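K.L.:
I have a structure here, written as structure tokens, and I will follow up with some questions on it.
The values are calculated or read from the model by the stated rules, or taken from the named source; none is laboratory data. Predicted model only: the values in this text are computed from it and were never measured. With ideal geometry, Cβ positions are generated from the backbone for all residues, glycine too; neighbour counts draw on all protein chains shown. Ligands, DNA and RNA are stripped out before the accessible areas are found, and what is left, the full protein with its side chains, is counted by its heavy atoms. Shrake-Rupley method; radii C 1.70, N 1.55, O 1.52, S 1.80 Å.
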Protein chains: 2
Amino acid sequence: MADDNSIFIGGKPFMNYITGVVMQFTTRGTSEVVIKARGKFISRAVDVAEVARRRFLEDQVFVKEIKIGSEGFKNNEGRDVTVSNIEITLTKKA
Amino acid sequence: MADDNSIFIGGKPFMNYITGVVMQFTTRGTSEVVIKARGKFISRAVDVAEVARRRFLEDQVFVKEIKIGSEGFKNNEGRDVTVSNIEITLTKKA
């Protein structure tokens with residue numbers, strides 16, 4: 001699936017992400033949105049998926065797949081760190 | 001599956017949970033462990049699953065299923081709140 005169907009969760013206001021997800025499905029008419037997050041933002045990604053699914057797109061989308069993984073990168077001090085990530089795929093109901 | 005195969009993630013030291021997961025598979029010989037968490041501890045549950053899977057039970061277990069959901073309860077002030085949750089099922093490889 002194309003990368004612009006992904007929404008990466010960070011520290012912006014919560015509703016920004018909800019709007020992002022809802023807009024993808026409604027205005028842009030996409031059939032699938034992937035909500036991605038790393039580290040401490042994983043909890044938030046689950047919140048975004050749940051609030052979008054239950055309150056804003058009720059009966060319109062479902063959780064098709066959830067993947068978790070780990071990725072390594074260098075932090076600000078140049079040290080190798082590993083961080084967990086999540087990808088939650090929301091899909092439009094037929 | 002029996003409830004005692006569940007590990008509920010909270011604020012205890014991280015390695016307590018890792019030990020808990022590893023012990024279930026090794027000492028107790030169970031074939032499946034469900035890692036559960038709510039709210040902000042969801043990120044931690046993913047970390048526990050990933051560290052257990054990659055570092056302590058490498059090539060021995062895999063992520064069989066991940067479920068997310070929402071549950072309502074009354075907080076300390078008696079207000080109804082909704083919180084997200086996650087359940088990550090790790091299963092022993094055949």
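K.L.:
Leaving out ligands, DNA and RNA, and with a 1.4 Å probe, what % of the accessible surface on the protein assembly as shown is carbon or sulfur? Intermediate values should be presented prior to the final figure.
P.N.:
On the way: 5030 of 10580 Å².
Solvent-exposed carbon and sulfur of the protein assembly as shown make up 48 percent of the total.
K.L.:
May I pose another question? Output, in nm with one decimal and in ascending order, the distances from the B:GLY39 label point to the matching label points of the other copies (7 Å from Cα along Cα-to-Cβ).
P.N.:
Result for B:GLY39, in nm, nearest copy first: 2.2.
K.L.:
Here is a follow-up. Is any residue of segment A:39-66 close enough, with backbone N under 18 Å, to a label point placed 7 angstrom from the Cα of B:LYS40 along the Cα-Cβ axis, and if so, which?
P.N.:
A:39-48
K.L.:
Per DSSP H run of n ≥ 4, the term is -39500 (n - 2.57); total these for the protein assembly as shown, divide by its residue number, and report the mean residue ellipticity at 222 nm rounded to 500 deg cm²/dmol.
P.N.:
Helices in the protein assembly as shown give a 222 nm mean residue ellipticity of -7000 deg cm²/dmol.
K.L.:
Let me ask something additional. Between A:PHE73 and A:GLU87, what length comes free when the chain is fully extended (0.36 nm per residue of separation minus the Cα-Cα distance, one decimal in nm)?
P.N.:
Numbers: separation 14, 0.36 × 14 = 5.04 nm, distance 1.81 nm.
Answer, rounded to one decimal: 3.2 nm.
K.L.:
Under 24 Å from the Cα of B:LYS40, which lysines turn up, not counting those fewer than eight places away in the same chain?
P.N.:
Leaving aside lysines fewer than 8 places away in the same chain, those within reach of B:LYS40 are A:LYS12, A:LYS36, A:LYS40, A:LYS64, A:LYS67, B:LYS12, B:LYS64, B:LYS67, B:LYS74.
K.L.:
Still on this structure, I have one more. Looking at segment B:25-94, which trypsin sites (Lys or Arg not before Pro) are in a loop (DSSP not H, G, I, E or B) and have at most 10 other Cβ atoms within 10 Å?
P.N.:
B:ARG28, B:ARG79, B:LYS93
K.L.:
Restrict the search to segment B:24-89; then list the GluC sites (Glu not before Pro) that DSSP places in a loop and that have at most 12 other Cβ atoms within 10 Å of their Cβ.
P.N.:
Hits after loop and neighbour filter: B:GLU58, B:GLU77.
K.L.:
Compute the orientation-averaged projected area for the protein assembly as shown from the convex hull of its Cα atoms and round it to one decimal in nm².
P.N.:
13.2
K.L.:
Further question: Using only the Cα atoms of segment A:26-93, what do you get for the radius of gyration and for Dmax, in Å?
P.N.:
Rg and Dmax of segment A:26-93, Cα atoms, are 14.6, 46 Å.
K.L.:
List the distances, in nm and shortest first, from the label point of B:ASP4 to the matching label points in every other copy, placing each point 7 Å from Cα along the Cα-to-Cβ direction.
P.N.:
List, nearest first: 5.6 nm.
K.L.:
Return the average number of partner chain Cβ atoms within 10 angstrom of each residue Cβ along peptide A:48-57.
P.N.:
2
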